[in-house]
Amino acid sequence: GGDNMWVMDKDGTNARQITKENFRLLNNGTWLDGNYIVARKHFTSTRSAGAGELWMYNINGGGGLQLTPKKNDQQDLNEPSASADGHYIYYSEDMYPGGYFQYNKDPNNQIFVIKRFDREKGTSETVTGGPGGAMRPQIAHNGRLLAFVKRVRTKTVLYLRDVETGEEWPVYDKLCKDQSEAWTIFGSYTGFAWTPDDKYIVIWAGGKIMKVDAKGENAAAEIPFTCNVKQHITDAVRFPQDLNPAQFNVNVIRHAVTSPDGKYLVFNALGHIYKKALPDGKPERLTQNKELEFEPVFSPDGTSLAFVTWDDEKKGGISVMGMGKNAMPVKVTQNKGMYRTPAFSPDGKTLVFTKEGSDGIMGN
């Protein structure tokens, strides 16, 4: 069930498995020459994001030869493309600062760069990157032009680079959104290829296969195709859902406390405070507050109840109310904040509580 490298005749026959990995899985295979394949091997550690290494395999089998090491366990390396003479292997690598996978990366900064591995020297050097990064390299057969993908503001754009001069220019800006901000286990963009004469680039975009003029002189043309597909469709299992019933059973209560005399249970449900006579009384709301109420606590004599409140605009506070009939809550804090876990002193005259600082969810 794992990902391995296979080869087959171009008509789809004689498929056979080349690699035998059963733990470190492989993808992004590309031809080095007629006898060898370069592929990305996936490594994971404490997170499922993982990272990649480039390995070379003979099509007749064997354990393979490692070409590049992973820089750490979370920043990716993938999308190999070999030059026609087999001298260089181009690939993309995550260079975002921090040394680990992050969710909040800026795609208009530099996430991925394109590097080039020299098989004679055994070393790698950065070819291109910068604002918008650079990913999914594909070197032309003549070795002069390098096609790659770059983020330009809100667009994913196909670029060309003159390998000798370093000049770069866009040729097609209607690609689908790249995946450079996400986990790129299978690459940041789908694979694409140069035509044998290096005049066109064949690439996927918008559910179509497009032929892009490498000179940028002609508009990209769609390559039409049809597929004969047999698809078994089963009726979806659907159950009616009433998302706004007038009444429903509460399955979870929180912050339950028993009165000192053991006659009442007070608890939070649905964001408000309820009181229930023990053992089998009917729960009833203690207040009519619109603010949310949490973490109730009884005074030592059982005549008062303190609890914390929250409102997204008013923020939080602590209120105290008597347990007698028609009692109304009184807010005893003056400043907005995130108040938690109030507790009465033994004489019932003082409240002790915690007050939390700002956080990324609740704000300052």
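The values are calculated or read from the model by the stated rules, or taken from the named source; none is laboratory data. These numbers come from a predicted model, not from an experiment. Cβ sites come from the backbone with ideal geometry, for glycine too, and all protein chains shown count toward neighbours. Ligands, DNA and RNA are excluded from the accessible area calculation, which covers all protein heavy atoms including side chains. Shrake-Rupley method; radii C 1.70, N 1.55, O 1.52, S 1.80 Å.
Take region 1-88 with all the other protein chains still there, run a 1.4 Å probe, and you get 51 Å² of accessible area per residue. Near Lys121, once Lys and Arg are set to +1 and Asp and Glu to -1 for all other residues with Cβ below 15 Å from its Cβ, the sum equals -1. Amide H contacts under 5 Å for Leu175: Thr156, Leu158, restricted to partners 5 or more places along the chain or on a different chain, H placed in the peptide plane at 1.01 Å from N. Taking amide hydrogens as placed 1.01 Å from N in the peptide plane, the amide H of Ile18 sits under 5 Å from those of Met5, Trp6, Val7, each at least 5 positions away in sequence or on another chain. Applying D = kT/(6 pi eta Rh) to region 1-57, where Rh is the Kirkwood radius over alpha-carbon pairs, T corresponds to 25 °C and eta to 0.890 mPa s, the Stokes-Einstein value obtained is 200 µm²/s.
Counted by Cβ distance under 12 Å from Tyr100, the other residues give a net charge of 0, where Lys and Arg count +1 and Asp and Glu count -1.
Just so you know, the averaged projected area of the alpha carbon convex hull for region 125-235 sits at 9.8 nm². Rounded, prolate or oblate: which one fits region 69-192, using the alpha carbon gyration tensor with axes a ≥ b ≥ c (rounded when a/c is under 1.5, else prolate when a/b beats b/c, else oblate)? Oblate shape, in that a/c is at least 1.5 and b/c is the bigger or equal ratio.
The H on the amide N of Lys336, modeled in the peptide plane, is under 5 Å from the matching H of no residue at least 5 residues off or on a different chain. With the simple model of a label 7 Å out from the Cα in the direction of the Cβ, Phe225 to Arg144 spans 2.9 nm.
Taking θ as phi - 60° and the Karplus parameters 6.51, -1.76 and 1.60, the scalar couplings of region 65-79 work out to 10, 6, 9, 10, x, 6, 6, 7, 9, 10, 9, 7, 9, 6, 6 Hz in sequence order, x denoting glycine and proline. Sequence-ordered 3J(HN,Hα) estimates for region 195-208 from the Karplus curve with 6.51, -1.76 and 1.60 and θ = phi - 60° stand at 6, x, 8, 6, 8, 9, 10, 9, 9, 8, 6, x, x, 10 Hz, glycine and proline given as x. Would you work out what percent of the accessible area of the chain, with all protein chains in place, is carbon or sulfur (probe 1.4 Å)? Carbon-and-sulfur percentage of accessible area, whole number: 51. Treating only the Cα positions of region 32-125 as identical point scatterers, give the base-10 log of I(q)/I(0) from the Debye formula at each q in 0.12, 0.21, 0.24, 0.25 Å⁻¹. Values, matching the q order: -0.40, -1.05, -1.24, -1.30. Dividing the Cα radius of gyration of region 150-190 by 2.2 N^0.38 Å, with N the residue count, gives 1.29. This model, with +1 at the C-beta of Lys and Arg and -1 at the C-beta of Asp and Glu, gives region 13-124 a dipole about its Cα centre of some 260 debye.
Tell me the Kirkwood hydrodynamic radius of the chain in angstroms, computed as one over the mean inverse distance between distinct C-alpha pairs.
It is 26.1 Å.
Local charge for Ile318 was computed over the other residues whose Cβ lies under 14 Å away, with Lys and Arg +1 and Asp and Glu -1, and equals +1. Solvent-accessible surface of region 108-189, taken per residue with a 1.4 Å probe and all protein chains present: 47 Å².
Each part reduced to its alpha carbon centroid, region 292-364 and region 9-57 end up 60 Å apart.
If you take the alpha carbon atoms of region 309-364 and fit the smallest convex hull around them, that volume is 95 Å³ per residue.
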